[in-house]
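This report refers to the structure that appears directly beneath it.
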Amino acid sequence: MPARLTPALAAALLAAFVPTAPAAAAEAVEIAPDGAWTWFNDERAIFHEGRLFAGYVLRDGRYGVTRFDPDSGEASHMVISTDESRQRDDHNNPSITVLPDGRLMLLYARHHADGRLFQRVSKVKSPATDADWGAEVVHAVPEKNTYNNTYLLADEDDRIYNFHRCLNFNPTITLSNDLGASWEKPIPFIKVGSGGVRPYPRYCSDGRGRIDLIYTDGHPRQIDNSVYHMYYEGGAFHRTGGGRIAGFDDLPLDHEGGQRGDVVYPYSNEAWSGLDGPDDWIPRGRGWTWDVHYGTDGHPVCVFQVQVDEVTGKGWNHDRIYYYYARWDGGKWQRRFIAQAGRGIYDREDDYGGGMCLDPADPDVVYLSSNAAKPFVLDDIKDVPLAPGERYEIYRGVTNDGGKTFTWKELTADSTADNLRPIVPVGHGRSGALVWFEGNYRSYTDFDCRVMGLFGDKD
């Protein structure tokens, strides 16, 4: 069931997306009746040919893509997996890449199941049926893999970079120099340990010659994570301020040996002293990445979470997650603790927050999912009660001072199901566009959710 749209909530939705239109125009809509995703595959959702294309995993393990027209409400649901590629696991949602001729390329894999990479390419620019896709193509890779993030760089003769997890269970790069017709041998990207300790990156690209990423030392369940940033440009990887880390031909980067990006958030188990506080670090707080994009000044902006075990008592339900916003100011990373996220979604993955994202068109705008009773009361990080029913709701925040302060609006309220993992599709060209999934999410292999959206007017 959707969130209850009261008159006050409708007005808040409207103010967030279309400030000058009548209040009755704002309403969350169903995009697909079945679907969920992880947040480590991109682009998960894009606007293309004037319509939204969103990829997801259905509850029975098939993978789908929906074409949705926000103006007419018309939705076309397509299944892009076969029996060979199917797996009931939300890690397997496809990445979506627009090829130079306007067709769409999808890349996906079964979550750490085998050494295969699956690919579909549309036959037309705006596919609407299963028949609009070419056959599923299978590419062999040397090791089990997951998490596909694909970016085409126009300044490199349309070379496509696929960042995925493969070699040594670590971030890996696989290149295509012929628009996905073939893929080169995978290249180890970031090396940590002997396998099993996997950094978690989130990527973005300007589509021309640069790819940025924020990433961690490992999984927060295992590692005392800091959060780092680096970018690729001109055949080399650089720290945020431009200092060269290593050339592409020198990969992999030796993370433990110091070949790493600038620190966005530093892990520390030290107690605060003097003027220290949560904007600096949270003692024992382990970072995990959510989103990164470019500000209007071209500098990177990112959002991430910090998690601490058993803050309010014993057991996983007393773990707490804290949301952060960070912006490179040209000389250093400025970070702010901006919201209480509540607890993790379920016991076995107590680091899974409700999710947060930036608007790639304007990263002064943040969306987040929280089940904290008072998400924006930030003066106490230890007394963080949960919302009635521990339900996750979606909020929209806007900053006008580089992230120091935010104005917040609640976009869902009194929901009968959780609202999770919001994303803003790239290229939306609207006063606002938001996609998330709503439903009963029991684990990454067991969920019953539907894809929702909220859209403003065209720019």
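The values are calculated or read from the model by the stated rules, or taken from the named source; none is laboratory data. Here the structure is a predicted model, which means the values were calculated and not measured. Note that we place each Cβ from the backbone using ideal geometry, even for glycine, and neighbour counts take in every protein chain shown.
A few notes on this one:
- Residue within the range 108-115 that is in a loop (DSSP other than H, G, I, E, B), modelled with pLDDT under 95, under 25 Å from the mean Cα position of the chain (by Cα) and closer than 30 Å to residue 304 by Cα present: yes
- Contacts under 7 angstrom Cβ, first residue in the range 265-277 being assigned to a loop (DSSP other than H, G, I, E, B), partner among the basic types (Lys, Arg), 6 or more apart: 267/286; 269/284
- Number of residues in the range 381-415 that are over 24 Å from residue 281 (Cβ atoms) and part of a loop (DSSP other than H, G, I, E, B): the value is 9.
- Among the candidates 227, 192, 197, residue that is in contact with a Ser or Thr (Cβ under 7 Å, 6 or more places away or on another chain) and β-branched (Val, Ile, Thr): 227
- Residue list for the range 277-291, filter: closer than 16 Å to residue 224 by Cα and buried (at least 20 other Cβ atoms within 10 Å of the Cβ): 281, 282, 285, 286, 287, 288, 289
- Listed by position, the strands (runs of 3 or more DSSP E) inside the range 311-380 whose residues that are over 25 Å from residue 263 (Cα atoms) and of a type in the set (Lys, Arg) number at least 3 form an empty set.
- For the range 351-365, the criterion of being modelled with pLDDT of 95 or more, under 16 Å from the mean Cα position of the chain (by Cα) and hydroxyl-bearing (Ser, Thr, Tyr) is satisfied by at least one residue.
- When residue 323 is tested against (1) over 17 Å from the mean Cα position of the chain (by Cα); (2) buried (at least 24 other Cβ atoms within 10 Å of the Cβ), only condition (1) is not met.
- Selection over the range 110-155 of residues that are more than 15 Å from residue 55 (Cβ to Cβ), surrounded by 21 or more Cβ atoms within 10 Å (Cβ to Cβ) and among the polar types (S, T, N, Q) gives a count of 1.
- Test: residue 435 is buried (at least 23 other Cβ atoms within 10 Å of the Cβ), assigned to a strand (DSSP E or B), in contact (Cβ under 8 Å) with a residue 40 or more places away in the chain and touching a Ser or Thr at 6+ places or on another chain (Cβ under 9 Å): no
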